[in-house]
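Below is one structure, written out as structure tokens; the observations come after it.
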Amino acid sequence: MTVAIVEPVAVESPVSTMIPPSPEAAKAQSAIADAEGPPRSHSNSTSSNGKRSPTEHSTRPRRHKQWYMWDGNIVIQVENTLFRLKLSTLHENSPIFRNIVPPIKSGSLPVVGFNDRRPLLLYEVSQVDFVRLLPMLYPSEASTEAKSTHTAAELFSILKLATNFQMEGVRHAAMLQVLALPMDPVRRIALWEEFHLDADLLLPAFATLCQRSEPLTLPMTMALGIRTFTKVAAARDLYRQRVGCCACRQSLSEEESQAIAEKVVSVVFAKAPPPIERPML
């Protein structure tokens, strides 16, 4: 992955770090700014009584109450909020951050993010999503509430950023939590497709779709994609051939019906067998 850096025009001018899209996600972008302490607004406008204008105060980035760590060594700005985090943790989990900010050598300062006036600016990242991601990266720093079971919306935020920053360990942990959530099978399959998660874990979801008596709808087709939809339709037909009429299906227990459906899905969605290696004559 290549990283293009635009040099600053002046001491306090921002520097942009552009990150091309990863194979699994949308592009992540970063940029950089300059000096110590809480950043000042670029506007010098004052009112007639000498006080700063409300616009200047409203545009000044604020330190996050929890995630501006006293022992952090990299300052990151997301929207209008500053975060001070441990760079080593970001490096351990994300090759994107390793490319943007190299490891800090002893006795030196990082090129970017060394104080509030020169933060590492993350574009196309919302503050809400970023705050939801941090307890997964820094569990010892998170509150008990933040470390508890996440909601579906929180897990989607985590998956999105973990995919953008190529945080495979975080992606896997979030995936397992999503798997434990009650969710419509069509929605689960669409989510797995969107974030390229482990398809082997979708067997129960596909089996549930096979057993539904309701016909597949156009919204389902759009959510699943034509390729997956075609396989689901084929699996449903094969399942009905195996179990027979509706009266026959009603005589089956839930466990028996699920087992048959999973076998059918395994056949329809089976990968091509590896080529057989023949001994040389």
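The rows are residues; the columns are (1) assigned to a helix (DSSP H, G or I); (2) assigned by TED's automatic domain parsing to the domain that holds Q166; (3) at pLDDT 95 or above; (4) more than 26 Å from E168 (Cβ to Cβ).
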{"site": "I76", "(1), (2), (3), (4)": "no, yes, yes, no"}
{"site": "L82", "(1), (2), (3), (4)": "no, yes, yes, yes"}
{"site": "N99", "(1), (2), (3), (4)": "yes, yes, no, no"}
{"site": "F114", "(1), (2), (3), (4)": "no, yes, no, yes"}
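Within segment 131-142, is there a residue that is modelled with pLDDT under 90 and among the charged types (D, E, K, R)? Checking segment 131-142: at least one residue is modelled with pLDDT under 90 and among the charged types (D, E, K, R).
From the list R278, R242, R227, R236, the one residue that fits, being modelled with pLDDT under 90 and in a helix (DSSP H, G or I), is R242.
State all residues of segment 196-241 that are β-branched (V, I, T) and free of Cβ contacts under 8 Å to residues at least 12 places away in the same chain; if no residue qualifies, say none. The answer is T217, T221, I226, T230.
Name the residue that is surrounded by the fewest Cβ atoms within 10 Å (Cβ to Cβ), counting only residues in segment 58-74 that are of a type outside the set (G, A, S) and outside any loop (DSSP other than H, G, I, E, B). Checked segment 58-74; the qualifying residue surrounded by the fewest Cβ atoms within 10 Å (Cβ to Cβ) is K65.
The values are calculated or read from the model by the stated rules, or taken from the named source; none is laboratory data. Since the structure is predicted, the reported quantities are computational estimates derived from the model, not experimental observations. Cβ atoms come from the backbone with ideal geometry, glycine included; neighbour counts cover every protein chain shown.
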